[in-house]
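Data block below; observations after.
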Amino acid sequence: MTVFVDGVVHVAAPRASVWRLFSDVGRWPHWNPTVLATAALQGEPWAPGFRFRQTVAIGKLKLSFRPRVTAADPGTFVTWEGRGWGVTGVHSWYFEDEAAGTRVTTMEELQGPGLVLMRLSVKPAALRAMFQGGLQALKRAAEGRGG
């Protein structure tokens with residue numbers, strides 16, 4: 001079983017500003033209401049091998065995990081992988097220049113036997129809402145309208 005979620009937002013701010021906001025992992029809870037807690041754990045931030053801890057709210061469920069960055073070009077893209085509850089998730093973020101700012105794309109692929117149980121607690125619509133909410137929160141904060 002595989003679950004795939006993605007989203008795109010157009011931000012009226014330079015890519016460097018959007019990346020600076022995004023890359024400050026400790027401040028995610030200040031601008032993203034779905035992120036309850038974050039902390040860098042080890043490694044050079046946003047380089048392969050970097051680990052961080054994150055707790056997110058998906059609907060009424062709270063999930064904590066410790067992903068590891070597997071690929072990155074800071075300011076352009078980052079991919080991390082996390083495992084837990086019989087699920088492996090690979091999450092990527094892309095930051096692209098546009099004439100009027102930055103295009104931010106995020107996507108996550110979840111696989112594993114734990115998805116059967118996870119889908120009983122987390123409806124696909126709640127997962128999509130979490131992604132869209134995070135993208136919109138990044139947009140608001142980067143454009144100086146919150147965060």
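Values quoted throughout were computed directly from the atomic coordinates according to the rules given, and no laboratory measurement underlies them. Predicted, not measured: the structure shown is a model, and the values here were computed from it. Methodologically, a virtual Cβ is constructed for each residue, glycine included, from the backbone with ideal geometry; neighbour enumeration extends over all protein chains shown.
Extension gain for the segment residue 47 to residue 23, taken as residue separation times 0.36 nm less the Cα-Cα distance, is 7.5 nm to one decimal. Report the local net charge at residue 102: Lys and Arg +1, Asp and Glu -1, summed over other residues whose C-beta lies under 12 Å from its C-beta. Residues near residue 102 contribute 0 overall. The H on the amide N of residue 37, modeled in the peptide plane, is under 5 Å from the matching H of 55, each at least 5 residues off or on a different chain. Between the listed residues 52, 35, 17, the Cα displaced farthest toward the positive end of the dipole of the chain, a dipole computed from Cβ unit charges relative to the Cα centre, is found at 35. Here the extension length gained between residue 36 and residue 129 equals 31.9 nm, from 0.36 nm per residue of separation less the Cα-Cα distance. Here residue 68 and residue 145 are evaluated by their C-beta separation; at R0 = 35 Å the FRET efficiency comes out at 0.60. Can you list the residues of segment 7-34 with backbone N under 19 Å from a point 7 Å past the Cα of residue 103, pointing along Cα to Cβ? Answer for this model: 7-19.
Of 29, 113, 48, the residue with the greatest mean-square motion in the GNM of the chain, using alpha carbon springs below 10 Å, is 113.
Given +1 at the Cβ of Lys and Arg, -1 at the Cβ of Asp and Glu and no other charges, the dipole of the chain around its Cα centre is 640 debye to the nearest 20.
For segment 1-104, the calculated P(r), taken from all Cα-Cα distances in 10 Å bins from zero up to the bin holding the longest distance, is 14, 45, 35, 6, 0 percent. Kindly state, to the nearest 0.05, the FRET efficiency for residue 111 paired with residue 60, given R0 = 30 Å and r defined as their beta-carbon distance. For residue 111 and residue 60, the calculated efficiency is 0.80.
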